[in-house]
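To start, the structure itself, in structure tokens.
The values are calculated or read from the model by the stated rules, or taken from the named source; none is laboratory data. Here the structure is a predicted model, which means the values were calculated and not measured. Every residue, glycine among them, receives a Cβ derived from its backbone with ideal geometry; neighbour counts consider all protein chains shown.
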Amino acid sequence: MVRIGNAASPEELFEMVLEAAHEAVGYESASLMTVDPAGDALMVRAARGVRLEGTRVTVGPSISWQALERREAIILEGPANTELGTTYTKDVPFAICLPLMAAAKTLGVLNVNRKGHPGNDGVSFLRILSDQCALAIERMELYGDLQHFTGQLLSQEEEQRRRLARDLHDGLAPILVSAHAQLQSANVENEQVDKATQLLRRAIRETREILGTVRPATLDDLGLVAALSAAAREMADDAGWTLEEALDDPGPLSREAESTLYRVAVEALNNVKKHAAAHEVRLALLKTEDTLEIDVADDGHGFETEQWGEAGVRPGHFGLLGMRERVAFLGGLCKVQSRRGEGTTIRIVVPRDRLR
């Protein structure tokens, strides 16, 4: 039963259920059917002993549909009772059709066909198995809905960021640069003009930093690797780091995933710049068959991990919490390894099937 709760996909779940039923009571054939989205048919999703996968059973007097409508198991020993209004199509001495129900929702049917009655304990096990299967199906459906909703949120957020980046790039930034040029060309030397010029320079610099965080032009023009490399080198120049890069080509990425990975990596680099007092920084993007990993490691003063990130976030250090939340939207993890005086490594690991 524990294995069923750990199934990674509906297909794996259905095979586990049929395997559990076979180990517990044995059978000559079995099938697992789910109600299709329209609610007008049952679809065979997995079968043993017979080749039924993909078979579609429309609403009607079949035993499977009657089990769903009655919301209770139907047990057949020999020919189907005439009161059912239908015959069972399989010539077997014993059959049981168990509805898969989660609360008031009917999700499908588990069918088991045997040479004889499996005993009351066997029937009880099959009832429990069908209940556990229904709960697992419902959890997977809810998780799928959550993934879809998360994807919509990421798309909406990314579009808002693109709009903000355009407004800053085409509106505010040129005005600041123009005002700075006007002050310089006025050839007026006094304390107030000098202070205004310094403030404009600071505003231009901070606007560029905001643009880089929101969505830099290099991300759209050159992709994730080039954008990360440019951001890391700029920070290295400002902070005086020695920068080591090891960046694999991540392959095709959705715009939302690309932007999220860029932002969390830049946030990790900013954490180093603000808190680490590092001399050497390593930025790595590593691709495996199943995952994409981004590592940001430094030789700075570090901290005790249990005080920041693992058990909780200290006041003033909310950047890591935001990174974790963003990575979680992609189904990934953000881990921190650090020890006082021995530097820090931030590791971001995301499944590749969530990045396309």
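Can you pull out every residue in the stretch 107-133 that is within 21 Å of A41 (Cα to Cα), hydrophobic (A, V, I, L, M, F, W, C) and surrounded by fewer than 23 Cβ atoms within 10 Å (Cβ to Cβ)? Across the stretch 107-133, the qualifying residue is only L107.
Give the residues of the stretch 219-253 that are among the small types (G, A, S) and more than 24 Å from L321 (Cβ to Cβ), sorted by residue number.
Hits for the stretch 219-253 are G223, A226, S229, A230, A236, G240, A246, G251.
Only residues that are within 17 Å of P118 (Cα to Cα) and either at pLDDT below 90 or β-branched (V, I, T) (or both) were counted across the stretch 18-58, and they come to 1.
Criterion first (assigned by TED's automatic domain parsing to the domain that holds C133 and farther than 22 Å from A102 by Cβ) does E23 satisfy it? Considered against the rule, which asks whether it is assigned by TED's automatic domain parsing to the domain that holds C133 and farther than 22 Å from A102 by Cβ, E23 comes out as yes.
Filtered by the rule that a residue be touching a Leu at 6+ places or on another chain (Cβ under 6 Å) and not in a helix (DSSP H, G or I), the stretch 5-33 gives A7, A30, S31, L32, M33.
Of the residues making up the stretch 291-301, at least one is farther than 27 Å from Q156 by Cβ, at pLDDT below 90, of a type outside the set (D, E) and not in a strand (DSSP E or B).
Mind checking whether some residue in the stretch 152-173 is within 30 Å of L13 (Cβ to Cβ) and surrounded by 15 or more Cβ atoms within 10 Å (Cβ to Cβ)? There is at least one residue in the stretch 152-173 that is within 30 Å of L13 (Cβ to Cβ) and surrounded by 15 or more Cβ atoms within 10 Å (Cβ to Cβ).
Set side by side, the residues L228, L211, L243, L219 differ, and just one is assigned to a helix (DSSP H, G or I) and closer than 21 Å to A297 by Cβ, which is L228.
R45 meets the stated requirement of being part of a strand (DSSP E or B) and not aliphatic (A, V, I, L, M). A residue that is in contact (Cβ under 8 Å) with a residue 12 or more places away in the chain and more than 25 Å from A173 (Cα to Cα) occurs nowhere in the stretch 198-218.
Filtered by the rule that a residue be within 21 Å of the chain's Cα centre (by Cα) and at pLDDT below 90, the stretch 267-288 gives a lone residue, E267.
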